[in-house]
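Input: a single structure, listed below in structure tokens.
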Amino acid sequence: MIEIRIHGRGGQGAVIASQIIAEAAFREGLHVQAFPSFGSERRGAPVAAFVRLDHEPVLVRTEIYEPDGLIVLDQSLILQKLVDVTQGLKDGAWILINTPHGPEEFTHLGPYTIATVDASRIALEHRLGSLTAPIVNTSILGAFATLTGLISLDNLGEAIAATVPIKPEANIAAAREAAAAVKTLAAAGTGR
Amino acid sequence: MRMVIKGNGAVAHAVRLARPQVISAYPITPQTSIIEGIASMVAEGKIDARFIKVESEHSALAGCIAAESAGARTFTATSAQGLALMHEVIHWAAGARLPIVLANVNRAMAPGWSIWTDQTDSLSQRDTGWMQVYCQSAQEVVDSVIQAYKVSERVLLPTMVILDAFFLSHTYEDVEVPEPGLVDGFLPPLDLPQKMDLEHPAALGNLVFPDRYMEFRRKMDLAHQVALGVWDEVGREWGELTGRPYGLVEQYRMDDAELVLVTAATTASTARVVIDALRDEGVAAGLLRLRVFRPFPADLIRTILADRKKVVILDRNCSFGHHGIFHQEIKSALYELPAGQQPEMHGVIAGLGGRDVTVEDLRGMLMGVWEGRITKPVTWWNVLEAKGAETGAVAMG
Amino acid sequence: MVDLNPKMLEDIPVTSYSDNSTLLIKTGAWKYVQPSYEDKLPACSHQCPAGNDISKALDLIARGDVAAAARLWRAGNPFPASLGRVCPHPCEDQCNRGQFGGAIAIHMMERFLGDRSLDPEFLPKAKPATGKKVAVIGGGPAGVAAAYNLALAGHAVEVFDDKPAAGGYLRTGIPAYRLPKDVLDRELALVEQTGVQFTLNTRVGRDVSFDELRNRFDAVIVTIGFHGSRPLGVPGEDHENVYNGVHLLERILAGERPELPRRMAVVGGGNTAMDVARSLLRIGVEPIVVYRRSRMEMPAIPTEVDEAIAEGIRFEFLTAPSRVIIENGKVTALECRKMRLGEPDESGRRRPIPVEGSEFPVEVGGVVTAIGETAELDFLPDEARDGWRVAADERFVTPVEGVFAAGDAAFGEGTVTAAVGAGRRVAMVVDAFLGGRELPSVAPPTQASWERPVNIDQTVHVEQLNPAYFTEVPRPEIHELDPQTRSTSFDEVVQGFTEEEAIREARRCMVCGTCNECCNCLFFCPDVAIHKRSGAFGFDIDGDHCKGCGICVEECPRNALSLVEVKS
């Protein structure tokens, strides 16, 4: 079973991102579970969403405490130390960050595989959201597909079309662009 | 058709398949997306029903009662404070023997204000005459709503289908949603034997004197007893149609289990992971999941739990001043066992107000009982210790 | 059917359910009071001087039966089309709908029904001839109303009038912009169809003697109305440019256009003063109304005053003439004094008191007096006269055997509507007299002539209604010619309702005190003891099951039910 935690700010689409991963993985034939951090969400405040993927039906119905991977939609959560994003993260896990910087800038986070992609830039180039609030959740999932190999870009595209009501084509194009733009720095000894 | 939907979406799809004629509901977190989903389906013509917008939950159920009295299949959904506000007409619906189906999203009662899961809201309606089914997955939600209509309409009792807030209501998962044709074959249109009929005027709900009231109550109680068999039969029939059979309770690795966890809802799903781990470690652990809580399958549970060594009953609820409610019910069901067959029973109250009950929590309470570290009849799990319990300071401070 | 003597649990239904006990138990034996359908007088009809059955007619319209409503309205009233134009409609002041969005436009409804019933098919059928003969002296509204009702009762009626045409004040006193003369002519033609004979250009006492009428007829009714204006009693009023308002109005309305000064003072505050002023305006004279009290005390119909003001007519209130100023043989001004109001006089209005030294001239070339009218009673024997009026008691009976009197000549009620009502009432008295029945001790109310029974001793005001059943519905706009057009024309100012508008307005009527088969009683009866009559109006109450609980009475929106004691 793979457990993923997604960090973002209220309004950035962390919950939708968890749903899209679930939809895409479902199309890969996996059993899926996706849920938000339960509670009342406020725009701008740090939020989290979770995904479980497995070949067997997912029985565990608790929150996720020791994820296998992280997706960080907003680098400021790390840079401004707003959230301890690596809390409970398994050694050797991967972290995918939306940032203009390269992965080497984030090695201080620990013994993890770091991947980065400038999803905000890609989103804006595809006219998704505004300069102050780019909608990055679809583009970063392209990078997620490349990084983890868990979902194909075709299934990601279908999942986006099924989940995102507005501009599905632009969202899919952004995801494909991000899939090619991701830069990965493997943790020592992980082979990636 | 398989699809990724959340628990609340599962309710909406099941309601669509059950073809109700009247839906009357009022929004409340975390139930709201159920009726939003249904309202959209009605608006899009996917459900051929009248959707009545009301100003309160009391009116929502009153609307269902009126429509059902005229012979219409109805649905409503609510949660916590909304369910409590319905209370007066909840009794009415059962007493009038109307097979209404209601989805309740388990949410803690205020204060303190909480939107997270807790079973006290639905268990507070235990004695109203409604049937109650606790679900562990979105799949079971779909299946149970459809079964609930069939059982309810067979025995003329209303059913509450219950799902945990967020852990189920807001969690997306892959679910098999049956085809309409399959459900139509399983669930015939409602034909109430006794309903409002303009050609044959009658008074409904009229005054009943002491010389007759008890007979009506006796019939209600008998209907509950009949319902035990009907739930069993309908769960099996559904299994033949879909490959997903259901019983009054669910047993997991119970054959030779000496340590048994009894619980309901999503926690029971998580518990299976713990049971598997304990088995791997050589502990003969098993799970008894409560599903149909009213009518209460006391005889079945007594048979299942006879001769077990230790039983841990996990309640996500509390009857203040006494035990957890499942705990009380299990103990009372087992009273008739001879002393030699009585297991040692421990109640655990955990997860109130949405506090997570993790794999580690479940392992802790099971092993605590198994290894004799937990000896008290009732343990509040993972809660701040009370230093002044004996002086009363804790209660008054 | 529910088993009333169950032996086993299976014999009872799953829940409390009863499909028979209501009829099985004869709850009727419990009662000591019982409901009874009893229509009462709606506040509007209570206030209607002409005695129109307003609520019933409006209910018929609301149900779509305009023809029945038209027939009902004309049943005792020969002038609905005319009254629908000139009545001061006191009914609307009392209309209970007034507190729920504005009074029903009853006046407009009367006009609608009046116009609709100009078709002879709506005329009631007269009863078989009695062989009795009645003379009516005066073809005004009171006389014609009496003649019409007596003719319908089967008597032979002849109306004498000294004018070339009947109609009285309706013809001579009311301008065409309020009442087009063809409307009046058509209503009089309908009266003739009932058998009434009009003998015109015939003045009693000049062309035929009063005694001769008494000899030829079984009964005589005097309905001669008021004629002539009282003098002002100020110096200079015998000048040729000082006119009697009633006579001047008659001339103008007859189509004459006398040479008149450019500006004239109209003295008075009644309907005649308004009619004179507004008629003068229409023939190019600038009128100035001089009235000794304030606008509040004016006896004229308030809407007439409103319309006059809207047409730009100048008013001098709290002003009384003291002298007609004549220079070089011509009137140059009316000298007036300002007045102030003192204590109320016997009429209930505050008495005007001259302010010393406040004389001022109102510059006019002529004066019209319209300060009250007098009857011309010379032809009557002395015992039938009481000063300026005919001596009649409140039953319309004069001291002269077989002679009755009604209308302004007897009581001076002063409106055409009251005159029509008086005509209806005197007809009831005279019919009793001709039939040899005992005369009533007091005058019968107009409503006593209604075909449907109604308890006239109880009036339904808003407090007697069940307000839970009524919501506010606004009163419709009444269409009028714009003031600019009408100040130069005698065209009708107020435009009538279309049938659609009339039906919509009738549906606003709360039908106070009058059963309209709303079925609320039936719905609320807990014992299913009330049944709608099949093929007939109304309901029957099943005495075996009505237990006298009174819920039907309580829930009747319009107070058309009463609780009465059970007679043992």
Lone unmet requirement of (1) touching a residue at least 24 places away in the same chain (Cβ under 8 Å); (2) surrounded by fewer than 24 Cβ atoms within 10 Å (Cβ to Cβ); (3) over 27 Å from the mean Cα position of the chain (by Cα) for residue C:253:
(3)
With the condition kept exactly as written, say whether any residue in the range C:439-462 is touching a Phe, Trp or Tyr at 6+ places or on another chain (Cβ under 7 Å) and in a loop (DSSP other than H, G, I, E, B).
yes
Scan the range A:126-145 for residues that are within 20 Å of residue A:72 (Cα to Cα) and surrounded by fewer than 21 Cβ atoms within 10 Å (Cβ to Cβ) and report the count.
5
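Looking only at residues in the range C:503-557 that are of a type in the set (Phe, Trp, Tyr) and over 18 Å from residue C:58 (Cα atoms), which one is surrounded by the most Cβ atoms within 10 Å (Cβ to Cβ)?
C:539
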Residue under question is residue A:4, and the condition is that it be within 14 Å of chain B (Cβ to nearest Cβ), crowded, with 23+ Cβ neighbours inside 10 Å and in contact with a helix residue (DSSP H, G or I) (Cβ under 9 Å, 6 or more places away or on another chain); does it hold?
yes
Which of the residues spanning the range B:156-184 are surrounded by fewer than 24 Cβ atoms within 10 Å (Cβ to Cβ) and either free of Cβ contacts under 8 Å to residues at least 12 places away in the same chain or more than 17 Å from residue B:8 (Cα to Cα) (or both)?
B:156, B:179, B:180, B:181, B:182, B:183, B:184
Among the residues of the range B:92-104, which ones are within 12 Å of another protein chain (Cβ to nearest Cβ) and at negative phi?
B:92, B:93, B:94, B:95, B:96, B:98, B:99
Residue tally, condition out of contact with any Lys or Arg (no Cβ under 9 Å at 6 or more places or on another chain) and facing chain B (nearest Cβ under 7 Å), over the range A:20-60
3
Residue satisfying condition, being within 25 Å of residue C:510 (Cβ to Cβ), away from every other protein chain (no Cβ under 14 Å), surrounded by fewer than 19 Cβ atoms within 10 Å (Cβ to Cβ) and out of contact with any strand residue (DSSP E or B) (no Cβ under 9 Å at 6 or more places or on another chain), within set C:84, C:51, C:101
C:101
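Scanning the range C:15-46 for residues that are under 24 Å from the mean Cα position of the chain (by Cα) and not hydroxyl-bearing (Ser, Thr, Tyr), which turns out farthest from the other protein chains (Cβ to nearest Cβ)? Working first, answer last.
Our first condition is that a residue be under 24 Å from the mean Cα position of the chain (by Cα); within the range C:15-46, this holds for C:39-46.
Pick out the ones that are also not hydroxyl-bearing (Ser, Thr, Tyr) and you get C:39-44, C:46.
Values: C:39: 29, C:40: 32, C:41: 36, C:42: 34, C:43: 37, C:44: 38, C:46: 40 Å.
So the residue we want is C:46.
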So residue A:93, is it buried (at least 17 other Cβ atoms within 10 Å of the Cβ), over 19 Å from residue A:180 (Cβ atoms) and more than 13 Å from the chain's Cα centre (by Cα)
yes
Select from the range C:261-292 the residues that are assigned to a loop (DSSP other than H, G, I, E, B) and crowded, with 24+ Cβ neighbours inside 10 Å and list them in ascending order.
C:268, C:269, C:291, C:292
What is the one condition in (1) more than 10 Å from chain B (Cβ to nearest Cβ); (2) without any contact (Cβ under 8 Å) to a residue 60 or more places away in the chain that residue A:73 does not satisfy?
(2)
In the range B:13-27, is there at least one residue being in contact (Cβ under 8 Å) with a residue 24 or more places away in the chain, touching a Lys or Arg at 6+ places or on another chain (Cβ under 8 Å) and under 18 Å from residue B:140 (Cβ atoms)?
yes
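To keep it simple, each residue is scored yes or no on (1) out of contact with any helix residue (DSSP H, G or I) (no Cβ under 9 Å at 6 or more places or on another chain); (2) not in a helix (DSSP H, G or I).
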residue: C:165; (1), (2): no, yes
residue: C:179; (1), (2): no, yes
residue: C:182; (1), (2): yes, no
residue: C:192; (1), (2): yes, no
residue: C:195; (1), (2): no, yes
residue: C:259; (1), (2): yes, yes
Some residue of the range B:58-77 being over 25 Å from residue B:190 (Cβ atoms) and over 13 Å from the mean Cα position of the chain (by Cα)
no
One residue from C:438, C:413 being touching a helix residue (DSSP H, G or I) at 6+ places or on another chain (Cβ under 8 Å) and closer than 28 Å to residue C:514 by Cβ
C:413
Scan (1) touching a residue at least 40 places away in the same chain (Cβ under 8 Å); (2) among the charged types (D, E, K, R); (3) surrounded by 14 or more Cβ atoms within 10 Å (Cβ to Cβ) for the single condition residue C:499 breaks and write down its number.
(3)
Restricting attention to the range C:150-167, report how many residues are in contact with a Pro (Cβ under 6 Å, 6 or more places away or on another chain) and either more than 19 Å from residue C:127 (Cβ to Cβ) or surrounded by fewer than 19 Cβ atoms within 10 Å (Cβ to Cβ) (or both).
1
What strands (runs of 3 or more DSSP E) completely inside the range A:2-105 contain at least 1 residues that are charged (D, E, K, R) and at negative phi?
A:2-9, A:46-54
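Given the criteria in the same structural domain as residue B:156 (by TED's automatic domain parsing) and over 21 Å from the mean Cα position of the chain (by Cα), does residue B:55 qualify?
Numbers: in the same structural domain as residue B:156 (by TED's automatic domain parsing): yes; over 21 Å from the mean Cα position of the chain (by Cα): yes.
Considered against the rule, which asks whether it is in the same structural domain as residue B:156 (by TED's automatic domain parsing) and over 21 Å from the mean Cα position of the chain (by Cα), residue B:55 comes out as yes.
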What pairs can you find where one residue is in the range C:403-422 and in the same structural domain as residue C:392 (by TED's automatic domain parsing), the other is assigned to a helix (DSSP H, G or I) and among the aromatic types (Phe, Trp, Tyr), and their Cβ atoms are less than 9 Å apart, with a gap of 6+ or different chains?
C:403/C:210; C:404/C:433; C:408/C:169; C:416/C:169; C:419/C:169
May I ask you to list the residues in the range B:19-35 that are outside any loop (DSSP other than H, G, I, E, B), surrounded by fewer than 24 Cβ atoms within 10 Å (Cβ to Cβ) and within 22 Å of the chain's Cα centre (by Cα)?
B:32, B:33
Counting just the residues of the range B:190-220 that are more than 11 Å from chain C (Cβ to nearest Cβ) and closer than 23 Å to residue B:101 by Cβ, which one comes out surrounded by the most Cβ atoms within 10 Å (Cβ to Cβ)?
B:190
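The values are calculated or read from the model by the stated rules, or taken from the named source; none is laboratory data. Bear in mind that the values here come from a model prediction, so they are computed numbers and not experimental data. Cβ sites come from the backbone with ideal geometry, for glycine too, and all protein chains shown count toward neighbours.
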